[in-house]
Structure formats: C-alpha cells, structure tokens
Amino acid sequence: MQTITDRLAKRVKSIKVSGIRQMPMLAAKVPGAISLGQGIPDLKTPQYIRQGVSRLLESSNEVGKYSLQPGLPELKQLIAQRLSVEAGRAVDPEKNICVTTGAMEALAIAIATIIDDGDEVLLFDPGYPSYIEQTLFAGGKPVFVPLNESSGWVLDVKKLRAAVTKKTKAIIFCNPANPTGMVFSQTDIAAIVAVAEEFNLFLIGDLTYEFLTYGDVPMPSLIKYASIQDRLILCYSFSKEFAMTGWRVGYLYAPEAVLEQASKIHDAFVICAPTISQYAALVALTQKPESGSENIKADLAAKRDVICKRLDALSDLFSYQKPQGAYYILGRYKKTKLNSWEFTLRLLNEAKVVVIPGSEFGSQGEGCVRFSYGASIENINKAFDSIEAWNKTL
Ligand SMILES: Cc1ncc(COP(=O)(O)O)c(C=O)c1O
C-alpha cells in the first residue's frame, strides 16, 4: 500500500531543507552553542529605520494593508532610479521591478519563470545551495561548474564554457560569493556575460552582498551590460545591507517579458511583499544617514580581521582564503578524515560552535566548513577559544 509520503509530489521530494537552515534547528537543541553558521548580521536594524517604521505605523493606515501586488510605487520608483544611474539606461519601475519577499523570492520566481522540465542550469561549485533546490523544484537540472580553489575559488572560464550544452538555459551565481567570500572580478563578469551572450542563456545575478566588498576590492556591475539586457535578471536584498534579515524584503530586476510572467507567480504565491517591510525599505533608502551601510561594512571588516587572526592561529586545523566580500569563509580542515557533516556535528556537540558543512555548497565544499562572521566579536572569540580547545582533542 502507498504511504502518504509515496503520494506526495515528486518535485517536493526531490528537494531538501538547506544545511544553512538545518544547522540552527539542530543547534537550538544544544544549550549555549555559539553560531558562526547562518549569515545573520549581529547588529540591530538601524535606529532610523526602526523609528521611521514606528512613526508610519502610528500615522498611516496603509502600513498594515496589502500593497499593490508588484510593490509600493514609490519604492519601485526609487529602486528604478538607482538602477538607471548604474545601468546608464532607463529602468522602468512598472516594467522591470517587482518588490519581493527577500532576494530568495526574487530568485524563486525568476527561476520558475525561465526553467522548463529538463533545462540545465549552470551553478558554481561551491555555491549558494538554494539555487539547487529552486532549480530542481522548477524541474530543471543543476550542472556544476567547479571554481578553482588553488587560485582562491576563482572562475575557470574554460570549465564554464565546457559545461554548456544544447539544454543549458541559465547561469546563476552570486557576487560577492557565498560561501567563499570571493568577489568575481570585472574580467570574470565580462567572461560570464560573454558566455551568456554567445549561447543565448539567461543570466541570473544574486546581488545580496553587492554593497559589501572590503578595502579597495571593486564590485563590478552586471546591469551595465546592455548587450544582454533582454536576458539579464538581478536579485537584490535589503537583508544584509540594512541588517533586515527578518523583515523579508528584496526586489527583482528583470526584462519586461520576464517580469510580466514572474509577477504571476509572485501574485499566486505571496500576493505582495510584506507592506510594513516595504515601508522599512523605503525608509532605509530615503533616510539613510551619510554613514549608512558604512557602519555595517566597518563592523564586518573588523570582524573579518578578528576571524582571520583566529584562523591563522589555528593553521594546523584550517586553511582558508581571506574573504574579499560578503561575510563568509570556507575553511578547509586538516588532521581528520571526517566528512563535513560529521565534522560539523562534532564541532556542535563537543565544542558548541555552529558552522555549516561545506558539502552543502557542492561537492568541492566537502572537507570544508563555512564560517559566517556576522556574530559579535565577543562571540567570534568565544567560539574560537572553544574550537582551539577542541582542536587539542583531535
Ligand atoms: C547568496 C544569498 N542569496 C540570497 C539570500 C537570501 O536573501 P534574502 O534574505 O533577501 O531572502 C542569502 C541569505 O543568506 C544569500 O546568502
């Protein structure tokens, strides 16, 4: 006899909850565990945003209602203006922008809009796991393009080109990269765009960490490539730049033909992004003080220095690449043959430190764990004191 599970949809059974979200659930059962796991900035949502939203909650009758389905017109207008400047051409708030429930929904509706059964999607390995699940759920086939670890998890254009087949529909990647913290250079971006152009592929850029490169590392623009504007889809987030992970708001930039279709999925599944969060996003952009995201950047730059110093002191256990952007480090561990889930679970249960198993980011991530340094400096230090003590037991 068929069980209930047997009778559930194959599509949903083909995907899983990402290790990034499994680990906090496992860690919740380990009292006192310190998280270097999920990418959550430790800072409060900035005061000007909290106060702006409080005032609106009191004064406006609109904040608690559905917004227009594709988002608050004034927010879309502002986003379109900013993108137009970067693109050097007009971005239309009506035709090109949809405010979404985080970058995650932007990715999901974009992927569901362009991927048909059997379409291949090129993903970098290691890369952000949700691209895999969203591709599978849409009926597509993830095809992994290994990044080159020995040169610092950089793009190998030959491998990207070699992975293209007649079935390839899209390339999806994020810059700065999660989990490696690397930033694809202008040359890399030009090469990726050239492949998309040559083989008529959609290019989905996840720009969740676009604001966050360190020192003088430049952040290359994708939107300025007019040559692929009919196939270029960009996903943006307010989560990290404004310490707003829980507000769940981001946006999708897409060509008109794509946005028209993607809006139908947005409507059918979420109606609109949370209105209160759209107002928070509006406040975030319009009332941003001079120092705005600089404070968050400075905070994370200081944390990067601390975590790198602690990792350097643990060089018998980990090798790693110093991140150029975002706030992740993929550390390759030595000394043990444990797989990355085994290593992570031992670290959780014995050292009470939460990290994410590297295998969750692709086969090249096996033998690694991902550290997020969004935590407070105090907690980063406490976690590493604990890892140092644990290291002696290995
Ligand atoms: C690469 C990447 N894309 C998307 C997201 C999700 O962003 P949002 O909170 O805007 O849905 C995350 C969250 O950590 C991420 O790391």
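Using the rule -39500 (n - 2.57) for each DSSP H run of four or more residues, divided by the residues of the chain, the 222 nm mean residue ellipticity is -12000 deg cm²/dmol.
Between the amide H of LEU122 and those of VAL143, LYS169, ALA170, ILE171, ILE172, distances stay under 5 Å, these residues lying 5 or more places away or on another chain, with hydrogens modeled in the peptide plane.
Quick check on my link table: of LYS65/LYS264; LYS76/LYS303; LYS95/LYS264; LYS44/LYS297; LYS16/LYS335; LYS13/LYS141, which ones sit more than 23 Å apart, alpha carbon to alpha carbon?
Numbers: LYS65/LYS264 20 Å; LYS76/LYS303 33 Å; LYS95/LYS264 13 Å; LYS44/LYS297 14 Å; LYS16/LYS335 30 Å; LYS13/LYS141 15 Å.
Exceeds cut-off: LYS76/LYS303; LYS16/LYS335.
Work out, in µm²/s and without decimals, the Stokes-Einstein translational diffusion coefficient of the stretch 13-92 at 20 °C, 1.002 mPa s, Rh from Kirkwood over C-alpha pairs. Result for D is 124 µm²/s.
On a per residue basis, the stretch 80-201 carries 37 Å² of accessible surface, using protein heavy atoms and a 1.4 Å probe. Computed as a quarter of the hull surface, the mean projected area of the alpha carbon convex hull for the chain stands at 21.0 nm².
Counting only aspartates and glutamates at least 8 places from LYS240 when in the same chain, those with an alpha carbon closer than 16 Å to its own are ASP42, GLU105, ASP206, GLU210, GLU294, ASP299.
Of all accessible surface on the chain at a 1.4 Å probe, what whole percent is carbon and sulfur?
54 percent
Mind putting a number on the dipole of the chain about its Cα centre? Charges go on the C-beta only, +1 for Lys and Arg and -1 for Asp and Glu, and I need it in Debye to the nearest 20.
900 debye
Remark on the stretch 101-161: hydrodynamic radius 12.3 angstrom, per the Kirkwood mean of 1/r across alpha carbon pairs.
Within 10 Å, at most 15 other Cβ atoms, and a DSSP state outside H, G, I, E, B define an exposed site. Report the longest part of the chain free of exposed GluC sites (Glu not before Pro).
Numbers: sites that count: GLU62, GLU290.
Value returned for the longest uninterrupted segment is 63-289.
Given their separation in residues at 0.36 nm each and the Cα-Cα distance between them, GLU62 and GLN229 gain 56.7 nm when the chain is fully extended.
The values are calculated or read from the model by the stated rules, or taken from the named source; none is laboratory data. Everything numeric here is computed off the predicted structure, so don't read it as measured data. When we count neighbours, we look across all protein chains shown, and the Cβ atoms used for this are built from the backbone with ideal geometry, even at glycine. Areas reflect the complete protein model, heavy atoms only, side chains present, ligands, DNA and RNA absent. Shrake-Rupley method; radii C 1.70, N 1.55, O 1.52, S 1.80 Å.
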